[in-house]
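Before any comments, here is the structure.
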Amino acid sequence: DDMIASTGMGVLSFYRGNSNYQAGNYERALVNYEHAVELNSNIAAFWHNACITHRNVGEYNDSVIDCTHAIELQSMHSISYWARGRVFYELGNYDLATADYLVYAELSGQLEPFMQEQFPDLQAGDS
């Protein structure tokens with residue numbers, strides 16, 4: 001019963017965070033997302049939303065940590081690879097950004113268009 005109650009309260013806090021985020025109140029949204037994580041740290045979406053909100057307030061290291069938690073919980077959570085890649089890019093770590101963007105592109109079925117956009121001179125079958 002306690003697990004169900006904490007998960008329910010986490011979901012409520014998550015939705016409050018979404019409302020605050022959409023209103024542009026990132027600091028308040030961050031409090032909501034962090035509370036959701038405290039109540040149930042096993043939901044990738046809670047960590048992902050904390051990740052993007054930390055990025056929006058300029059807390060890049062926390063953003064990377066949160067996205068990494070989301071990925072560890074749900075390795076197919078493609079959008080968290082994209083979000084973490086964006087943070088790495090903004091930090092100037094282009095190798096890690098590219099690695100995350102490639103995982104995102106593969107998981108989301110966008111690898112071929114991504115490769116064509118990034119490497120237009122590379123022909124299929126080239127090695």
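Where a number appears in this text, it was derived from the coordinates with a stated rule and is not lab data. Values in this document were obtained by computation on a predicted structure and should not be read as measured data. Note: ideal-geometry Cβ built from the backbone for every residue, glycine included; neighbour counts use all protein chains shown.
Values computed for the structure shown
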{"read-out": "Cut-off 20 Å, label 7 Å out along Cα→Cβ of LEU102, residues of the range 51-82 by amide N", "value": "68, 71-72, 75-82"}
{"read-out": "Karplus-derived 3J(HN,Hα), 6.51/-1.76/1.60, for each residue of the range 66-75, Hz, glycine and proline x", "value": "5, 5, 4, 4, 4, 5, 5, 6, 9, 4"}
{"read-out": "Formal net charge of residues neighbouring LEU30 (Cβ-Cβ distance under 15 Å; K, R +1; D, E -1)", "value": "-3"}
{"read-out": "Modelled FRET efficiency - R0 25 Å, ASN42 with ASN93, Cβ distances, 0.05 increments", "value": "0.35"}
{"read-out": "Environment charge of SER80, counting only residues whose C-beta is closer than 13 Å and scoring Lys/Arg +1, Asp/Glu -1", "value": "0"}
{"read-out": "Reciprocal mean inverse distance between Cα atoms of the chain - Kirkwood radius, Å", "value": "15.5"}
{"read-out": "ASN61 versus ARG28: modelled label distance in nm, points set 7 Å from Cα along the beta carbon direction", "value": "2.9"}
